[in-house]
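The values are calculated or read from the model by the stated rules, or taken from the named source; none is laboratory data. It should be emphasised that the depicted structure is a prediction, and the values quoted were computed from it without experimental measurement. Neighbour counts run over all protein chains shown; Cβ positions are idealised from the backbone, glycine included.
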Amino acid sequence: MSTPGSAGSTGPLHGVRVVEVAGWMAAPGAAAVLADLGADVVKVEPVRGDAVRGVIRQPEVPEGAPPLDASFQMDNRGKRGVAIALDRPEGADLVRRLVAGADVFVNNLLGKRQRRFGLDAESLLTVNSRLVHATLTGYGLEGPDAARPGYDITAFFGRGGITHSITEPGSQAPRSRPAQGDHTAALAMVASILAALRLVERTGEGQVIDVSLLATAAWTMSTDLSASLVDGKNPRTLGRRRRLHALQESFCTADARWVLLFMPEAHWWPRFCNAVGHPEWAEDARFESLVGRREHMDEITDLMDALFATRPLADWARILDEAALIWAPAATVAELAVDPHAEAIGLFPEIEHPAAGRFRTVASPLGLRGAGVGPRGPAPEIGQHTMEVLREAGLTEEELAGLARSGVIPQVNAP
């Protein structure tokens, strides 16, 4: 297993140095994908550590086994860790020294904090004129809400129109699971960085990237949003008895599981009816046409609710698959973790951790084959590589000892 930042000659981004000053999941997730691609990613954390350490659900491990912060491992795998007190002038100076030898600077600092620490694009491009300066925030670096903090629940799901659009009439707004918007925005950040690196290669000029959760949400919602931009109206938020098509719905099985159907074309209706043992539905005058089925959605919903309640999920899986219908179970996360197809396509690579041993994590969805893409090793402990990285940046042992004594870097890493 390769150590962080030293994946040999494999990986499309081998030789690219990334400095990350970011917490939580969005920007760190983007940097983790860059590490999967072979970049040497240096994660700069506060001396106390990234605020997300230990916050998300910790997996249960056998009694006596060391704890495993699986979520932090996933978003920070393959990186080298440096701990610096950024609010100290000497700390900000250290980051600028690291950036001087980097290709990419990844951060999630609001613009006012970037300027406070001298880590804004204008300042850092004077330090390194070929730098890719990449920022990921809730609302971006420009506009009236540029200074507004935002997490994915607020900036992506809430302000991005997603929560409202999936809330059933009369129901409580659903709550998203952690980092869904963050990881979507992370992929936008990765794509932007790859394009920017290409531009630097062609022009020799540094590039500035400004990715936001709100902009990513707008792209995610663009099928609906593109129409609203024309007519100013909201998409219809329909209850399950008012859908446009009978086979675009979910149904509860006898064992309280849910089957999700999506077969919008008209030819699927008779095929479905035959498969589930009710060919008479396809011949019923009320249901013969798409318009008729739409007008009689109440009756169809009652019939299909009663039908799916007669058998458990396993039976419906067999019946629907034998007819080659388009469906999926509402799988649990634990079921996805052991899904044989997910395993077969390599969604769960393993990482070797010095204390926790081997554990599975989630692959980035890049789909590059034979390119040496994948986790390079575990996430760093707080400040684990501080001395190593700062020595590479040219600091002397005397300087390092002084910085440790003054609390700018961890004392534990002092020689």
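Just a few scattered comments:
- Meets criteria (exposed (fewer than 12 other Cβ atoms within 10 Å of the Cβ) and over 30 Å from Glu288 (Cα atoms)) for Ser212: no
- Scanning the stretch 177-209 for residues that are charged (D, E, K, R) and either more than 24 Å from Pro12 (Cβ to Cβ) or part of a helix (DSSP H, G or I) (or both) yields Arg177, Asp182, Arg198, Glu201, Arg202.
- In the stretch 300-415, counting only strands (runs of 3 or more DSSP E) that sit wholly within it, the ones holding 1 or more residues that are closer than 27 Å to Val259 by Cβ span 327-329.
- Hits in the stretch 255-284 - residues which are in contact with a Pro (Cβ under 7 Å, 6 or more places away or on another chain) and in a helix (DSSP H, G or I): Cys273, Ala282
- Conditions (1) surrounded by 15 or more Cβ atoms within 10 Å (Cβ to Cβ); (2) at pLDDT below 90: number failed by Arg240: (1)
- Number of residues in the stretch 331-349 that are surrounded by 13 or more Cβ atoms within 10 Å (Cβ to Cβ) and out of contact with any helix residue (DSSP H, G or I) (no Cβ under 7 Å at 6 or more places or on another chain): the value is 5.
- Qualifying residue in the stretch 56-66 (condition: closer than 24 Å to Glu352 by Cβ, free of Cβ contacts under 8 Å to residues at least 12 places away in the same chain and either under 21 Å from the mean Cα position of the chain (by Cα) or buried (at least 22 other Cβ atoms within 10 Å of the Cβ) (or both)): yes
- Test for Leu131: is it modelled with pLDDT of 95 or more, crowded, with 23+ Cβ neighbours inside 10 Å and in the same structural domain as Arg88 (by TED's automatic domain parsing): yes
- Qualifying residues in the stretch 257-306 (those that are touching a strand residue (DSSP E or B) at 6+ places or on another chain (Cβ under 8 Å) and surrounded by fewer than 16 Cβ atoms within 10 Å (Cβ to Cβ)) - the one farthest from Trp327 (Cα to Cα): Asp305
- Taking the stretch 82-105 as the range and being surrounded by 23 or more Cβ atoms within 10 Å (Cβ to Cβ) and in contact with a Pro (Cβ under 8 Å, 6 or more places away or on another chain) as the test, the residues that pass are Ala83, Ile84.
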